[in-house]
Amino acid sequence: MITIVGAGPAGSYLAYLLAKQGKEVTILEEHKTIGAPVQCTGIVTHSIENFFRLKNNVIAKRLDKVIVVSKNNRITANVDEIVMWRDKFDRYVAEMAEDEGADILLSHKFIGFDGSNAIKVKDAKNNKIKNIKTGIVVGADGPYSAVAKAAGMNSNSRHYIGMQAKVNLEMDTTAFETHFGGDFPDFFGWVVPESEGIARLGIGCFENAQGHFYKFLKSRTGKKDVICWESGLIPLYNSKKAIQKGNVYLIGDAAAQVKATTGGGIIPSLKAAQTLCGCIINNKDYNEEFRRQSGRELRLHLRIRNMLNKFSDRDYDKLLSLMSQEKVRKILKKYDRDTPIPLVTNLLIKEPRFLYFLKVLFS
Ligand SMILES: Cc1cc2nc3c(=O)[nH]c(=O)nc-3n(C[C@H](O)[C@H](O)[C@H](O)COP(=O)(O)OP(=O)(O)OC[C@H]3O[C@@H](n4cnc5c(N)ncnc54)[C@H](O)[C@@H]3O)c2cc1C
């Protein structure tokens, strides 16, 4: 029996894949409903449809433009992005797992191991502590992973604070915005339309999240009010982090499988689920296999993030000027951020002046 802790996208998609292979799978979810609370912007590239077709009720908006803003520059590029209702998306993937035969126990919180083949779980509905015997435990329990802590796999992880709220804002509902520069240290700010008059506005940073958030909110909307908060932690990818220890595995945010450029973790976690399913079925080393299949891409995202974090406002202005050229826009449309290696290679071929930024990348 395989026990997966956490019914987020990573846990539910893994459960779906394993159940499809005939494995006996149980998901434990600490909340009484799947998908709540929402702590995500829910924006993904169309590559998500390489994993499965999204049902219409999961999609809040399809966006075909991004507006990139630096201190003294602003460009618009064509993209193909999907904004999801994150709670509905999580329930959709969990239903896929159930349809393949996985069990889901709601209001069940993992609290620790009990020897090597059992775990302790708090059943909040019946107010009981239970022991569950299991051959394999997968921690798909997000950035605060209790499984990683209990297994001693919580090594030196760094996290951004992702401070986001829903706000009232009239904006172009076919475009999302990303904001870069000194007002967004170490990461960036975003404004993503959710429906007419409502947007998801946020920033990521290591420190003083409140200060940066309110400054951005006031400058972008002219207001100080939020409709509701949707904040959370965003792990920074760490290629040295152990993601398998014996019969304990980590996936998704628990394994820091997140693109360091954007903080996007949904698509990397679906990809990791495919890798982990293959490792469990074929008894392969997941530490090695994940690094082989996704390590290069996630390391490239990390390098680009480290490069961007050294940028001055002038560097961002210059980068946006290069990106505004038609030949560059075509590449940005063809290769999205889920295929960073061909994206960067083609950018360098078409516009060698991007090499200026590579000096910063490798310095
Ligand atoms: C503000 C913000 C905005 C973001 N925007 C985007 C975006 O636009 N696009 C994108 O791709 N990514 C985005 N992300 C990242 C994305 O949300 C995560 O990468 C993604 O949710 C990871 O999925 P997961 O299944 O690993 O973890 P989670 O979605 O965190 O799911 C973990 C599940 O485990 C459960 N759980 C936790 N502890 C226990 C326990 N002890 N016992 C039982 N259950 C437990 C939780 O209740 C939860 O259901 C954003 C993150 C933040 C904070």
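The values are calculated or read from the model by the stated rules, or taken from the named source; none is laboratory data. What you are looking at is a predicted structure, and each value in this text was computed from that prediction instead of being measured. Quick reminder, even Gly has a Cβ in these numbers, built from the backbone with ideal geometry, and neighbours come from all protein chains shown.
You will find that of ASP315, ASP253, the residue that is over 30 Å from LEU54 (Cβ atoms) and part of a helix (DSSP H, G or I) is ASP315 and no other.
Applying the criterion of being assigned to a loop (DSSP other than H, G, I, E, B) and within 15 Å of the ligand (Cβ to nearest atom) to the residues of segment 235-247, the residue that is surrounded by the fewest Cβ atoms within 10 Å (Cβ to Cβ) is ASN238.
Taking every residue in segment 299-315 that is within 23 Å of ASN72 (Cβ to Cβ) and surrounded by fewer than 18 Cβ atoms within 10 Å (Cβ to Cβ) and pairing it with any residue that is aliphatic (A, V, I, L, M) and modelled with pLDDT under 90, at least 6 positions away or on another chain, the pairs with Cβ-Cβ distances below 6 Å are LYS310/VAL360.
Scanning segment 123-153 for residues being within 14 Å of the ligand (Cβ to nearest atom), farther than 25 Å from LYS259 by Cα and either without any contact (Cβ under 8 Å) to a residue 60 or more places away in the chain or in a loop (DSSP other than H, G, I, E, B) (or both) gives a total of 7. For segment 223-234, the set of residues classified as at pLDDT 95 or above and more than 10 Å from the ligand (Cβ to nearest atom) consists of VAL226, ILE227, CYS228, listed by residue number. Just one residue in the set GLY142, GLY135, GLY112 is buried (at least 18 other Cβ atoms within 10 Å of the Cβ), in the same structural domain as LEU270 (by TED's automatic domain parsing) and over 30 Å from LEU332 (Cβ atoms); that residue is GLY142.
Residues checked against (1) part of a strand (DSSP E or B); (2) within 16 Å of the ligand (Cβ to nearest atom); (3) touching a residue at least 40 places away in the same chain (Cβ under 8 Å); (4) of a type in the set (Val, Ile, Thr):
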{"residue": "GLY162", "(1), (2), (3), (4)": "yes, yes, yes, no"}
{"residue": "VAL167", "(1), (2), (3), (4)": "yes, yes, yes, yes"}
{"residue": "ASP186", "(1), (2), (3), (4)": "no, yes, yes, no"}
{"residue": "GLU194", "(1), (2), (3), (4)": "yes, yes, yes, no"}
{"residue": "HIS212", "(1), (2), (3), (4)": "no, yes, yes, no"}
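Which one is nearest to the ligand (Cβ to nearest atom), of the residues in segment 256-273 that are in a helix (DSSP H, G or I) and among the hydrophobic types (A, V, I, L, M, F, W, C)? Talk me through it step by step, then tell me what you get.
Keep residues of segment 256-273 that are in a helix (DSSP H, G or I), which gives 266-273.
Applying the additional criterion that residues be among the hydrophobic types (A, V, I, L, M, F, W, C) yields 266-267, 270, 272-273.
Values: ILE266: 3, ILE267: 6, LEU270: 9, ALA272: 9, ALA273: 9 Å.
Only one residue fits best here, namely ILE266.
Looking only at residues in segment 47-65 that are surrounded by 15 or more Cβ atoms within 10 Å (Cβ to Cβ) and without any contact (Cβ under 8 Å) to a residue 40 or more places away in the chain, the one that is nearest to ALA124 (Cα to Cα) is VAL58. The residue of segment 1-29 that is farthest from the ligand (Cβ to nearest atom), among those that are among the hydrophobic types (A, V, I, L, M, F, W, C), within 19 Å of the chain's Cα centre (by Cα) and not in a helix (DSSP H, G or I), is ILE4. Using beta carbons and a limit of 6 Å, which pairs, at least six apart or on different chains, have the first residue in segment 21-46 and at positive phi and the second one of a type outside the set (A, V, I, L, M) and near the ligand (Cβ under 9 Å from one of its atoms)? The qualifying pairs are GLY35/ASP90; GLY42/ARG86. When GLY278 is tested against (1) more than 14 Å from the ligand (Cβ to nearest atom); (2) touching a strand residue (DSSP E or B) at 6+ places or on another chain (Cβ under 9 Å), just one condition goes unmet, and that condition is (2). The combined condition, being in the same structural domain as ILE266 (by TED's automatic domain parsing), aliphatic (A, V, I, L, M) and under 27 Å from SER231 (Cβ atoms), is not fulfilled by ILE48.
Return yes when GLY181 is more than 10 Å from the ligand (Cβ to nearest atom), under 30 Å from GLY222 (Cα atoms) and in contact with a His (Cβ under 6 Å, 6 or more places away or on another chain) and no when it is not. No.
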